[in-house]
Amino acid sequence: MAGLAEASQGALLTVFYTAGPILAVVLVIGLVASVLLAVTQVNEPTLSFVPKFFATAAAIAVLGPWLLHQLEAFTISVFTSLPRILQ
């Protein structure tokens, strides 16, 4: 049972490592856009969506190799410990 628990913990950590930076970028851009929209009293939802969309695309482009490395390391770890997990 320890193998399955370690695999589950590794899966959760991998999710946090891969999704966390992208979600942080979206959070910061959304907060800045919301403050600017509130200050200018503009009520246009696309002015909040478009910067978040481009920031997400830029974050994936910049962090893509690192994210793929994290996913690859987790996949290799799961496949190498698969016999121990299935016991």
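Laboratory data are not the source of any read-out in this text; all were calculated from the coordinates shown. For clarity, every value in this text was computed on a predicted model and none was experimentally measured. Because the Cβ atoms are built from the backbone with ideal geometry, glycine has one as well, and the counts that use them run over all protein chains shown.
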*Does the stretch 40-75 hold any residues that are in contact (Cβ under 8 Å) with a residue 24 or more places away in the chain and of a type in the set (Phe, Trp, Tyr), and which are they?*
PHE74
*Examine the stretch 48-64 for a residue that is closer than 24 Å to VAL26 by Cβ, of a type outside the set (Gly, Ala, Ser), touching a Pro at 6+ places or on another chain (Cβ under 8 Å) and surrounded by 10 or more Cβ atoms within 10 Å (Cβ to Cβ), and state whether such a residue exists.*
yes
